[in-house]
1. Against the condition within 30 Å of residue 183 (Cα to Cα) and modelled with pLDDT under 95, how does residue 64 come out, does it pass?
2. For the condition in contact (Cβ under 8 Å) with a residue 40 or more places away in the chain and among the small types (Gly, Ala, Ser), what is the one hit in 94, 68, 76?
3. Please work out if residue 108 is open to solvent by 40 Å² or more (accessible area, probe 1.4 Å), more than 16 Å from the chain's Cα centre (by Cα) and within 30 Å of residue 61 (Cβ to Cβ).
4. Going through segment 165-177 one residue at a time, which ones are among the acidic types (Asp, Glu) and exposed (fewer than 14 other Cβ atoms within 10 Å of the Cβ)?
5. Among (1) closer than 23 Å to residue 37 by Cα; (2) modelled with pLDDT of 95 or more; (3) in contact with a helix residue (DSSP H, G or I) (Cβ under 9 Å, 6 or more places away or on another chain); (4) not hydrophobic (A, V, I, L, M, F, W, C), which single condition is residue 192 missing?
6. The conditions are (1) over 30 Å from residue 21 (Cα atoms); (2) open to solvent by less than 40 Å² (accessible area, probe 1.4 Å); (3) modelled with pLDDT under 95, and residue 205 fails exactly one of them. Which is it?
7. Pull up segment 221-241, narrow it to residues that are over 13 Å from residue 148 (Cβ atoms) and more than 17 Å from the chain's Cα centre (by Cα), then point me to the one that is most open to solvent (accessible area, probe 1.4 Å).
Amino acid sequence: MTNDFDTMTMGDYLAQGGKLTSPENVPPRYRGELLRLMSSFVDSQLAASAGFAGAINWAPGIKSRIAASRITLEKADHAERVLDLMEGFGTDAALYERAHDWAAREPRDSTLEAKRHGGDMRLSVFHYPLTGWTDAVVMNVLMGLATQHAVGELTQCSYQPLADVLRDLLPRERRHMELGLEGLERIGATEEAKTSVAYWMPRVAETFGPAQSDRFERLKAMGLRRTDNETLRTAWRAEAERTLFALGLT
């Protein structure tokens with residue numbers, strides 16, 4: 001006698017909320033999309049860590065330096081945890097870590113399409129440089145809010161080991177945003193802060209991807225995504241605008 005899984009295609013299994021638990025039972029197309037998702041997360045975390053490391057010496061006080069150091073350290077740790085999962089698919093972690101200059105940035109006034117640039121898979125927002133403490137704090141808050149929506153969705157993905165790791169990391173990502181919010185409250189509604197908000201809002205918005213996306217539909221069919229890009233972006237923007245309004249930054 002066969003059970004339901006014996007007569008069910010992998011696509012049907014995933015569409016009905018099924019979970020995969022190891023590299024051995026992952027089909028090729030699913031593997032490719034899963035590795036792309038994980039690479040984007042790892043590369044973005046490494047680029048964020050490298051970029052924020054430079055902000056440590058901009059910090060105006062000891063507590064701020066500690067906060068910046070914590071964010072720098074923990075984002076690198078988050079990258080390592082997901083890279084550990086990628087090793088199960090044959091990724092050489094030591095080689096991967098050395099493959100790119102994670103601190104590299106484009107000119108501040110660059111206009112980049114919302115897609116991957118160069119050889120790594122970081123989100124486009126991490127190709128733009130920070131210019132000072134206020135700028136770093138504003139970017140951290142806006143991107144931290146975006147992370148809660150974008151990574152929060154992936155905590156329900158069909159590859160259970162990744163979902164478990166991201167579920168463990170998400171509270172720390174939220175704390176990074178809260179540390180930035182504390183710093184922004186101290187900075188106040190300055191013209192410098194308002195200028196940074198105007199700069200980073202559209203660039204963070206682009207991290208959610210295009211409103212209409214064939215790739216989203218593929219990922220949804222595989223159980224790797226659930227909520228479309230525009231819904232996530234709209235939820236983020238509403239939360240960001242509430243947060244900024246409370247600080248007098250809109």
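1. Answer is no for this residue.
2. Numbers: 94 fails: in contact (Cβ under 8 Å) with a residue 40 or more places away in the chain; 76 fails: in contact (Cβ under 8 Å) with a residue 40 or more places away in the chain.
Unique residue meeting the criteria: 68.
3. Working: open to solvent by 40 Å² or more (accessible area, probe 1.4 Å): yes; more than 16 Å from the chain's Cα centre (by Cα): yes; within 30 Å of residue 61 (Cβ to Cβ): yes.
Considered against the rule, which asks whether it is open to solvent by 40 Å² or more (accessible area, probe 1.4 Å), more than 16 Å from the chain's Cα centre (by Cα) and within 30 Å of residue 61 (Cβ to Cβ), residue 108 comes out as yes.
4. Filtering segment 165-177 for residues among the acidic types (Asp, Glu) gives 168, 173.
Once the filter is applied, which keeps residues that are among the acidic types (Asp, Glu) and exposed (fewer than 14 other Cβ atoms within 10 Å of the Cβ), segment 165-177 yields only 168.
5. The one condition residue 192 does not meet is (1).
6. (3)
7. Per the criteria, the residue is 241.
Let's see how each residue does on (1) closer than 30 Å to residue 25 by Cβ; (2) without any contact (Cβ under 8 Å) to a residue 40 or more places away in the chain:
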site	(1), (2)
192	no, no
195	no, yes
217	yes, yes
236	no, no
241	no, yes
249	no, no
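The values are calculated or read from the model by the stated rules, or taken from the named source; none is laboratory data. Everything quoted here is computed from the prediction, not taken from an experiment. Reconstructed Cβ throughout: ideal geometry from the backbone, glycine too, with neighbour counts over all protein chains shown. Side chains are part of the model used for accessible areas, which takes the heavy atoms of the whole protein and leaves out ligands, DNA and RNA. Shrake-Rupley method; radii C 1.70, N 1.55, O 1.52, S 1.80 Å.
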